[in-house]
Amino acid sequence: MFKKLLVANRGTIAIRIIRACRELGIPTVAVFSTADKDALHVRMADESVCIGPPAAEDSYLNIPSILSAALTYGADAVHPGYGFLSENGDFAEACQRSGLQFVGPRARHIRLMGDKPRARRIMKRAGVPVLPGSEGKGVSEVRDALADGKRLGFPVLIKAAAGGGGKGMRIARDAGELERLFPIARGESEAAFSSRTMYLEKYLERARHVEFQILADNHRSVIHLGERDCSIQRRHQKVIEESPCPVLTARLREKMGKAAVRAAEVVGYSNVGTVEFLLAPDGQFYFIEMNTRIQVEHGVTEMVTSTDLVKESIRMAMGEELGIRQRAVTFKGAAIEFRIYAEDPERHLPSPGVVSNHHPPGGLGVRVETALYDGYRVPVHYDPLIAKLIVHSDTRDLAMARARAALREYLIDGIKTNIPLHLKILHDPDFIRGDFATDFLRRYEPSSARPSDADALAAEKAS
Ligand code: ADP
């Protein structure tokens, strides 16, 4: 058993990890920036330590500060959560070098999957289907991108080799667009990931995002816990996720699940991970990437499989064996997660401020993961995700009814949130039928929030 675990994160995921540790009997150390001194994760942990000023680079991304906090407070394990340092191979390696067990995969797997062209190559070789795209190590120059675009046929998606969070991604519908958008996407990648390496992928129209949850112990056992449909996205970022995927047949689930397990097995992966696929309308599926950490949306899988994924990640990091075989994994009912953001729903702009009244919904099958409380000031420095509502019921229809009731009950005064948008989606006939693809949310984009790529870039540069 770990002696003490340092939680290298903040907000809902830090609280989620602290809860899991408490159940396992592992004392926790929270880290926080000066902007978070009153944050709930700080109050909930057994001990806490300030690691720097508000800017993430100076605190939650500051590897020396976090390591010295862990060593000073006598921790022997570090859980990175999601975001921040969770997919930073150098951090995982630095933890191991300092004698701290990193709760996650080995550094080399983080690096491998973080290099998307390389991950694509490995998957292709292993027989996991990938979309036609740039071969080799990717492209950095417009002329090479144009050659790839012509070979693949339009539309293509320009992607950042080191990408994440939808950054550095642009759809190009013809050569002219590719020539114009490639430098913009590359600029975004340079700013976000300090990398000029891009790659192209054939753009798949009307695709669904279907991902598989993987559990892999250090003893070469790998299983999957079924899928999540995360097609409800805004600008390539997930907003609603559900399990099971409303259109997946048992046969296709088995086939995709096997491909996901193979993806983890071929690289010798360990701990929790997610293999992401695009599912085409004709039933073909394609690997897009593997996330080497716990996902924001892990809760829906927990509800339908009755598995505590965070506890599992800790147990596996302690070297324990998976206690369950693939055949024994069962799925019960339907679960849907709604990401609640502090944002103005009309204009999709962040809405930080003081929460004057917080009354989360409750009742059977209603789970709220949040770090909010009355009087809490939502800081401007971090991701505006303030709560996750997860509903679970026997069927998808019942889960949607439960979600409508819960979202109406959810009171958050003082700041604006996207709860009204979730309610609109829950009354949309296509959503209700489960008939949607990754472009679904475009119909709810206010025209003011739908600038062209060039406009968006110009606005960003001007601000
Ligand atoms: P990131 O790591 O930035 O999240 P992903 O590769 O996971 O990037 O893709 C994010 C989303 O972008 C997907 O869920 C999907 O909606 C869309 N997407 C990615 N690749 C393609 C593609 N080839 N065709 C169509 N949509 C895609």
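Over region 208-449, give the accessible area per residue in Å² for a 1.4 Å probe, as an integer.
39
Rounded to the nearest 20 Debye, what is the dipole magnitude of region 208-449 about its Cα centre when Lys and Arg each give +1 and Asp and Glu each give -1 at the C-beta?
Using Cβ point charges on Lys, Arg, Asp and Glu, region 208-449 gives about 260 debye.
Using 0.36 nm per residue of separation minus the Cα-Cα distance, give me the extension gain between residue 423 and residue 34 in nm, one decimal.
136.5 nm
Between residue 124 and residue 43, take the C-beta separation as r, use R0 = 60 Å, and let me know the FRET efficiency to the nearest 0.05.
Once rounded, the FRET efficiency stands at 0.80.
For residue 101, enumerate residues with amide H under 5 Å from its amide H, sequence gap 5+ or separate chain, H modeled in the peptide plane.
77, 78
Can you compute the modelled spin-label distance between residue 96 and residue 76, with each label point 7 Å from Cα toward Cβ, in nm?
Those two pseudo-labels are separated by 1.9 nm.
Considering only protein heavy atoms and a probe of 1.4 Å, how much of the accessible area of region 208-449 is carbon and sulfur, as a whole percent?
Of the solvent-accessible surface of region 208-449, carbon and sulfur hold 49 percent.
Heavy atoms only, 1.4 Å probe, whole protein assembly: order 154, 431 by accessible area, highest first.
Descending order: 154, 431.
As I understand it, the dipole of region 351-439 uses +1 on the Cβ of Lys and Arg and -1 on the Cβ of Asp and Glu, about the Cα centre. Which of 357, 382, 410 lies farthest toward its positive end?
357
Just read off the accessible area of residue 21 with the full protein assembly in place, 1.4 Å probe, to the nearest 10 Å².
The accessible area comes out at roughly 0 Å².
Quick query: amide H of residue 415 versus all other amide H atoms, modeled in the peptide plane; which residues come in under 5 Å with a sequence gap of 5 or more or a different chain?
356
Once every DSSP H run of n ≥ 4 in the chain is given -39500 (n - 2.57) and the sum is divided by its residues, what mean residue ellipticity at 222 nm do you get, rounded to the nearest 500 deg cm²/dmol?
Calculated mean residue ellipticity at 222 nm is -10000 deg cm²/dmol.
Going 7 Å from the Cα of residue 192 in the Cα-to-Cβ direction, what parts of region 80-121 have a backbone nitrogen less than 16 Å from that spot?
83-88, 114-117
Quick one: length gained pulling residue 430 to residue 394 fully straight, 0.36 nm per residue minus the C-alpha distance?
10.9 nm
Does a label point 7 Å from the Cα of residue 175, set along Cα-to-beta-carbon, have any residues of region 126-166 with amide nitrogen under 16 Å, and which are they?
142-156
Can you tell me how much longer the chain between residue 235 and residue 408 gets when fully stretched, taken as 0.36 nm per residue apart minus their C-alpha distance, in nm with one decimal? Walk me through the intermediate numbers first.
Working: separation 173, 0.36 × 173 = 62.28 nm, distance 2.59 nm.
Contour length minus Cα-Cα distance gives 59.7 nm.
If you filter region 175-278 for GluC sites (Glu not before Pro), then keep DSSP loop positions with at most 16 other Cβ within 10 Å, what is left?
Filter output for region 175-278: 205.
Could you size up the charge dipole of region 132-202 around its Cα centre, putting +1 on the beta carbon of Lys and Arg and -1 on that of Asp and Glu, and report it in debye to the nearest 20?
80
Only Lys, Arg, Asp and Glu count, each charged at its Cβ (+1, +1, -1, -1), so figure out the dipole size of region 109-168 about its Cα centre, rounded to 20 debye.
180
Residue 137: which lysines have alpha carbons under 22 Å from its alpha carbon, excluding same-chain residues fewer than 8 sequence positions away?
Candidates past the 8-residue exclusion: 116, 124, 150, 159, 167, 202.
Taking +1 at the Cβ of each Lys and Arg and -1 at the Cβ of each Asp and Glu, which of 252, 420, 323 sits farthest along the dipole of region 208-449 towards its positive end, judged by Cα position relative to the Cα centre?
The residue sitting most towards the positive pole is 252.
Which FRET efficiency value, to the nearest 0.05, is calculated for residue 439 and residue 23 with the Förster distance at 35 angstrom and r the Cβ-Cβ distance?
Plugging the Cβ-Cβ distance into 1/(1 + (r/R0)^6) gives 0.30.
Assuming R0 = 22 Å, can you tell me the calculated FRET efficiency for the pair residue 251 and residue 219, based on Cβ-Cβ distance, to the nearest 0.05?
The computed FRET efficiency comes out at 0.15.
Amide H neighbours of residue 293 under 5 Å, counting only residues 5+ apart in sequence or on other chains, H built in-plane at 1.01 Å?
274
The values are calculated or read from the model by the stated rules, or taken from the named source; none is laboratory data. Since the model is a prediction, treat every value here as computed from it, not as a measurement. Neighbour counts run over all protein chains shown; Cβ positions are idealised from the backbone, glycine included. For the accessible areas, the whole protein counts, side chains as well, though only heavy atoms, and no ligand, DNA or RNA atoms are used. Shrake-Rupley method; radii C 1.70, N 1.55, O 1.52, S 1.80 Å.
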